[in-house]
1. Can you tell me how segment 1-149 classifies by the Cα gyration tensor, rounded, prolate or oblate, using a/c under 1.5 as the rounded cut?
2. Going by amide H atoms built from the backbone, whose H comes under 5 Å of the H on Glu77, apart from near neighbours?
3. Restricting everything to alpha-carbon atoms, can you work out Rg to Rh for segment 132-274 with a Kirkwood hydrodynamic radius?
4. Tabulate in residue order the Karplus-calculated ³J(HN,Hα) for segment 234-250, using 6.51 cos²θ - 1.76 cosθ + 1.60 with θ = phi - 60°, rounded to whole Hz; enter x for Gly and Pro.
5. For the ranges 218-227, 139-148, 172-181, 123-132, what's the packing order if you count other beta-carbon atoms within 10 Å of each residue, average per peptide, and put the highest first?
6. Say we join alpha carbon atoms closer than 10 Å with springs in a Gaussian network model of the chain; which of Pro203, Pro21, Pro71 then has the biggest fluctuation?
7. Between the helical axis of 55-67 and the dominant principal axis of the chain, each derived from Cα atoms, what acute angle in degrees is found, rounded to the nearest 10?
8. Compute a Gaussian network model of the chain, connecting alpha carbons closer than 10 Å, and tell me which residue from Ala25, Ala171, Ala138 fluctuates the most.
Amino acid sequence: MRTTEPAVTAATSIASSLGLPVDEAIELNNSNKLTLRLVPCDVLARVAPVADQIAQFEVDLAQSLAAVGSPVAALVEPRVFERDGFTITLWQYYAPVGSMSPAAYAEALEQLHAGMRKVDFPTPHFTDRVADAQQLLADRDRTPELADADRELLTSTLRRLTQRIVDREGAEQLLHGEPHPGNLLATSDGPIFIDLETCCRGPVEFDLAHAPEEVSAHYPDLDQSVLHDCRLLVLAMITTWRWDRADEFPNGRHLAVEWLADLRTALDGPVPTP
(Lines give C-alpha, C1' and ligand atoms only; values in the text may rest on other atoms or scores of the structure.)
Protein backbone atom coordinates (compact mmCIF):
# COMPACT_ATOMS: atom_id res chain seq x y z
CA MET A 1 0.00 0.00 0.00
CA ARG A 2 2.17 2.86 -1.27
CA THR A 3 -0.23 5.82 -1.25
CA THR A 4 0.28 7.26 2.20
CA GLU A 5 -0.94 10.86 2.43
CA PRO A 6 -4.72 10.14 2.25
CA ALA A 7 -4.26 7.15 4.58
CA VAL A 8 -2.33 9.24 7.10
CA THR A 9 -4.99 11.95 6.94
CA ALA A 10 -7.73 9.38 7.57
CA ALA A 11 -5.90 7.87 10.56
CA THR A 12 -5.04 11.19 12.20
CA SER A 13 -8.58 12.43 11.65
CA ILE A 14 -10.08 9.40 13.39
CA ALA A 15 -7.65 9.68 16.31
CA SER A 16 -8.33 13.39 16.73
CA SER A 17 -12.10 12.79 16.70
CA LEU A 18 -11.59 10.49 19.71
CA GLY A 19 -9.74 13.19 21.61
CA LEU A 20 -6.30 11.67 21.06
CA PRO A 21 -3.62 14.34 20.55
CA VAL A 22 -1.79 13.89 17.24
CA ASP A 23 1.02 16.19 16.17
CA GLU A 24 2.83 13.72 13.94
CA ALA A 25 2.30 10.34 12.25
CA ILE A 26 5.50 8.30 11.97
CA GLU A 27 5.47 5.58 9.31
CA LEU A 28 6.69 2.27 10.76
CA ASN A 29 5.72 -0.09 7.96
CA ASN A 30 4.09 0.08 4.55
CA SER A 31 3.36 -3.25 2.89
CA ASN A 32 -0.14 -4.73 2.74
CA LYS A 33 -1.11 -2.26 5.47
CA LEU A 34 0.22 1.13 6.50
CA THR A 35 1.34 1.15 10.14
CA LEU A 36 1.72 4.53 11.84
CA ARG A 37 2.85 5.62 15.27
CA LEU A 38 0.75 8.61 16.26
CA VAL A 39 2.45 11.01 18.66
CA PRO A 40 2.25 12.36 21.30
CA CYS A 41 -0.71 10.07 22.11
CA ASP A 42 1.52 7.05 21.32
CA VAL A 43 -1.15 5.06 19.51
CA LEU A 44 -0.45 2.60 16.71
CA ALA A 45 -2.77 3.04 13.71
CA ARG A 46 -3.15 0.29 11.10
CA VAL A 47 -4.63 1.51 7.84
CA ALA A 48 -5.75 -0.43 4.74
CA PRO A 49 -8.04 0.13 1.77
CA VAL A 50 -11.60 -0.92 2.57
CA ALA A 51 -11.59 -3.43 -0.31
CA ASP A 52 -8.54 -5.26 1.11
CA GLN A 53 -9.32 -5.28 4.79
CA ILE A 54 -10.12 -8.04 7.23
CA ALA A 55 -9.80 -5.63 10.13
CA GLN A 56 -12.98 -6.75 11.89
CA PHE A 57 -11.67 -10.31 12.01
CA GLU A 58 -8.44 -9.14 13.62
CA VAL A 59 -10.21 -6.89 16.15
CA ASP A 60 -12.69 -9.58 17.19
CA LEU A 61 -9.95 -12.19 17.55
CA ALA A 62 -7.67 -9.85 19.52
CA GLN A 63 -10.47 -9.19 21.99
CA SER A 64 -11.21 -12.90 22.36
CA LEU A 65 -7.57 -13.74 22.97
CA ALA A 66 -7.01 -10.86 25.38
CA ALA A 67 -9.99 -12.12 27.42
CA VAL A 68 -8.19 -15.41 28.08
CA GLY A 69 -4.85 -13.76 28.91
CA SER A 70 -3.01 -14.40 25.65
CA PRO A 71 0.09 -12.27 24.93
CA VAL A 72 -1.42 -10.15 22.15
CA ALA A 73 -1.41 -6.44 21.42
CA ALA A 74 -4.12 -4.39 23.16
CA LEU A 75 -6.64 -2.28 21.31
CA VAL A 76 -7.04 1.39 22.20
CA GLU A 77 -10.54 1.31 20.69
CA PRO A 78 -12.17 -2.13 20.15
CA ARG A 79 -13.72 -1.34 16.79
CA VAL A 80 -12.98 -0.73 13.14
CA PHE A 81 -13.24 2.80 11.76
CA GLU A 82 -13.86 3.68 8.13
CA ARG A 83 -12.97 7.01 6.53
CA ASP A 84 -12.25 8.12 2.97
CA GLY A 85 -12.03 4.57 1.61
CA PHE A 86 -9.78 3.25 4.39
CA THR A 87 -10.27 1.07 7.45
CA ILE A 88 -8.39 2.15 10.56
CA THR A 89 -7.77 0.24 13.76
CA LEU A 90 -6.08 1.77 16.81
CA TRP A 91 -3.72 -0.23 19.02
CA GLN A 92 -1.46 0.35 21.99
CA TYR A 93 2.05 1.32 20.94
CA TYR A 94 4.78 -0.77 22.57
CA ALA A 95 8.27 0.69 22.77
CA PRO A 96 10.92 -1.95 22.01
CA VAL A 97 13.07 -2.90 25.00
CA GLY A 98 15.71 -5.15 23.43
CA SER A 99 16.20 -8.62 22.02
CA MET A 100 14.48 -11.85 22.98
CA SER A 101 16.09 -15.20 23.69
CA PRO A 102 14.95 -18.30 21.78
CA ALA A 103 13.62 -19.75 25.04
CA ALA A 104 11.51 -16.65 25.73
CA TYR A 105 10.27 -16.67 22.14
CA ALA A 106 9.19 -20.31 22.44
CA GLU A 107 7.52 -19.71 25.80
CA ALA A 108 5.54 -16.77 24.41
CA LEU A 109 4.39 -18.85 21.44
CA GLU A 110 3.43 -21.72 23.73
CA GLN A 111 1.37 -19.28 25.84
CA LEU A 112 -0.32 -17.92 22.71
CA HIS A 113 -1.20 -21.43 21.54
CA ALA A 114 -2.57 -22.30 24.98
CA GLY A 115 -4.85 -19.26 24.87
CA MET A 116 -5.90 -20.05 21.33
CA ARG A 117 -7.13 -23.47 22.45
CA LYS A 118 -9.57 -21.69 24.77
CA VAL A 119 -11.36 -19.62 22.13
CA ASP A 120 -13.86 -20.78 19.56
CA PHE A 121 -13.23 -18.63 16.53
CA PRO A 122 -13.90 -19.45 12.86
CA THR A 123 -10.70 -19.18 10.84
CA PRO A 124 -9.36 -20.55 7.56
CA HIS A 125 -7.33 -23.76 7.48
CA PHE A 126 -3.63 -23.55 6.69
CA THR A 127 -4.41 -25.37 3.44
CA ASP A 128 -6.55 -22.39 2.40
CA ARG A 129 -3.48 -20.21 2.62
CA VAL A 130 -1.55 -22.73 0.55
CA ALA A 131 -4.37 -22.69 -2.01
CA ASP A 132 -4.01 -18.90 -2.29
CA ALA A 133 -0.35 -19.37 -3.18
CA GLN A 134 -1.23 -22.08 -5.70
CA GLN A 135 -3.76 -19.78 -7.37
CA LEU A 136 -1.10 -17.09 -7.64
CA LEU A 137 1.25 -19.52 -9.35
CA ALA A 138 -1.50 -20.58 -11.77
CA ASP A 139 -2.08 -16.97 -12.82
CA ARG A 140 0.75 -15.96 -15.15
CA ASP A 141 -0.60 -12.42 -15.42
CA ARG A 142 0.03 -11.95 -11.71
CA THR A 143 3.46 -13.65 -11.77
CA PRO A 144 4.84 -12.74 -15.20
CA GLU A 145 8.53 -12.80 -14.23
CA LEU A 146 8.50 -16.33 -12.82
CA ALA A 147 10.24 -18.83 -15.13
CA ASP A 148 8.37 -22.00 -16.07
CA ALA A 149 10.80 -24.31 -14.28
CA ASP A 150 10.58 -22.24 -11.11
CA ARG A 151 6.80 -22.11 -11.34
CA GLU A 152 6.68 -25.91 -11.59
CA LEU A 153 9.08 -26.29 -8.65
CA LEU A 154 6.94 -24.08 -6.41
CA THR A 155 3.68 -25.65 -7.57
CA SER A 156 4.82 -29.23 -7.03
CA THR A 157 6.44 -28.41 -3.68
CA LEU A 158 3.27 -26.78 -2.33
CA ARG A 159 1.11 -29.66 -3.50
CA ARG A 160 3.36 -32.46 -2.27
CA LEU A 161 4.15 -31.03 1.16
CA THR A 162 0.58 -29.98 1.90
CA GLN A 163 -0.65 -33.48 1.15
CA ARG A 164 2.08 -35.03 3.27
CA ILE A 165 1.24 -32.85 6.28
CA VAL A 166 -2.51 -33.45 5.96
CA ASP A 167 -2.05 -37.21 5.56
CA ARG A 168 -0.33 -37.42 8.96
CA GLU A 169 -3.65 -36.46 10.60
CA GLY A 170 -1.92 -34.88 13.59
CA ALA A 171 -3.50 -32.58 16.17
CA GLU A 172 -4.61 -29.17 14.89
CA GLN A 173 -5.64 -25.94 16.58
CA LEU A 174 -5.94 -22.19 16.07
CA LEU A 175 -2.58 -20.69 15.06
CA HIS A 176 -1.11 -17.23 14.62
CA GLY A 177 -0.25 -18.10 11.03
CA GLU A 178 2.88 -15.94 10.75
CA PRO A 179 4.61 -15.65 14.16
CA HIS A 180 7.92 -14.57 12.64
CA PRO A 181 10.23 -12.19 14.57
CA GLY A 182 8.59 -9.14 12.98
CA ASN A 183 5.28 -10.10 14.61
CA LEU A 184 6.63 -10.66 18.12
CA LEU A 185 7.62 -7.61 20.15
CA ALA A 186 9.88 -7.53 23.19
CA THR A 187 8.15 -4.99 25.46
CA SER A 188 8.20 -3.87 29.08
CA ASP A 189 4.98 -5.90 29.44
CA GLY A 190 6.69 -9.03 28.14
CA PRO A 191 6.53 -10.61 24.67
CA ILE A 192 3.54 -9.39 22.64
CA PHE A 193 2.24 -10.85 19.37
CA ILE A 194 0.83 -8.53 16.72
CA ASP A 195 -0.79 -8.91 13.26
CA LEU A 196 -3.47 -11.53 13.88
CA GLU A 197 -5.02 -11.27 10.42
CA THR A 198 -3.12 -14.38 9.24
CA CYS A 199 -4.59 -16.69 11.90
CA CYS A 200 -5.58 -20.13 10.66
CA ARG A 201 -6.01 -23.71 11.88
CA GLY A 202 -3.35 -26.36 11.55
CA PRO A 203 -0.54 -28.16 13.39
CA VAL A 204 1.54 -26.06 15.80
CA GLU A 205 4.56 -26.98 13.69
CA PHE A 206 3.21 -24.66 10.98
CA ASP A 207 3.64 -21.72 13.36
CA LEU A 208 7.07 -22.88 14.52
CA ALA A 209 8.15 -23.01 10.87
CA HIS A 210 7.93 -19.19 10.79
CA ALA A 211 10.17 -18.75 13.85
CA PRO A 212 13.98 -18.91 13.90
CA GLU A 213 15.15 -22.51 13.91
CA GLU A 214 16.66 -22.31 17.40
CA VAL A 215 13.24 -21.47 18.87
CA SER A 216 11.86 -24.93 18.10
CA ALA A 217 14.43 -26.52 20.42
CA HIS A 218 12.61 -24.88 23.35
CA TYR A 219 9.05 -25.76 22.32
CA PRO A 220 7.87 -29.08 23.78
CA ASP A 221 6.47 -32.13 21.99
CA LEU A 222 7.01 -31.11 18.37
CA ASP A 223 6.87 -33.65 15.58
CA GLN A 224 10.21 -33.04 13.90
CA SER A 225 9.18 -34.59 10.58
CA VAL A 226 6.09 -32.35 10.41
CA LEU A 227 8.21 -29.35 11.39
CA HIS A 228 10.67 -30.13 8.59
CA ASP A 229 7.87 -30.32 6.03
CA CYS A 230 6.24 -27.15 7.38
CA ARG A 231 9.53 -25.25 7.08
CA LEU A 232 9.79 -26.24 3.44
CA LEU A 233 6.13 -25.42 2.85
CA VAL A 234 6.44 -21.97 4.42
CA LEU A 235 9.58 -21.25 2.43
CA ALA A 236 7.74 -22.15 -0.78
CA MET A 237 4.77 -19.99 0.22
CA ILE A 238 6.69 -16.84 1.10
CA THR A 239 8.79 -17.25 -2.05
CA THR A 240 5.59 -17.41 -4.09
CA TRP A 241 4.23 -14.19 -2.53
CA ARG A 242 7.36 -12.32 -3.53
CA TRP A 243 6.77 -13.12 -7.24
CA ASP A 244 3.38 -11.41 -7.24
CA ARG A 245 3.64 -8.36 -9.50
CA ALA A 246 1.56 -6.43 -6.94
CA ASP A 247 3.80 -7.40 -4.02
CA GLU A 248 4.99 -4.38 -2.03
CA PHE A 249 7.29 -6.16 0.39
CA PRO A 250 10.53 -4.16 0.78
CA ASN A 251 13.25 -5.63 -1.45
CA GLY A 252 10.75 -8.30 -2.42
CA ARG A 253 12.09 -9.29 -5.83
CA HIS A 254 15.62 -9.75 -4.50
CA LEU A 255 14.22 -12.01 -1.77
CA ALA A 256 12.16 -13.91 -4.35
CA VAL A 257 15.34 -14.92 -6.18
CA GLU A 258 17.28 -15.64 -2.98
CA TRP A 259 14.55 -17.75 -1.38
CA LEU A 260 13.97 -19.69 -4.60
CA ALA A 261 17.63 -20.69 -4.54
CA ASP A 262 17.30 -21.60 -0.85
CA LEU A 263 14.30 -23.78 -1.66
CA ARG A 264 16.17 -25.69 -4.36
CA THR A 265 19.00 -26.33 -1.89
CA ALA A 266 16.66 -27.23 0.97
CA LEU A 267 14.81 -29.86 -1.04
CA ASP A 268 18.05 -31.86 -0.95
CA GLY A 269 19.29 -30.89 2.49
CA PRO A 270 18.67 -28.91 5.73
CA VAL A 271 15.97 -26.27 5.55
CA PRO A 272 17.19 -22.67 6.02
CA THR A 273 15.08 -20.31 8.11
CA PRO A 274 13.89 -17.34 5.96
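The values are calculated or read from the model by the stated rules, or taken from the named source; none is laboratory data. From a predicted model like this one, the values you see are computed outputs, not experimental measurements. Cβ placement follows ideal geometry from the backbone for every residue including glycine, while neighbour counts extend to all protein chains displayed. Just the protein is used for accessible areas: all its heavy atoms, side chains included, with ligands, DNA and RNA removed. Shrake-Rupley method; radii C 1.70, N 1.55, O 1.52, S 1.80 Å.
1. Working: a/c = 1.69, a/b = 1.13, b/c = 1.50.
Oblate is the answer for segment 1-149, as a/c is 1.5 or above yet b/c matches or exceeds a/b.
2. So Glu77 has HN proximity to Leu90.
3. Rounded to two decimals, Rg over Rh is 0.96.
4. For segment 234-250, the Karplus-derived couplings read 5, 4, 5, 5, 5, 5, 4, 4, 6, 8, 5, 4, 8, 5, 10, 5, x Hz, x marking Gly and Pro.
5. The densest-packed peptide leads the list: 172-181, 123-132, 218-227, 139-148.
6. Judging by the Gaussian network model, the answer is Pro21.
7. Rounded to the nearest ten degrees, it is 90.
8. Its mean-square fluctuation being the largest, the pick is Ala171.
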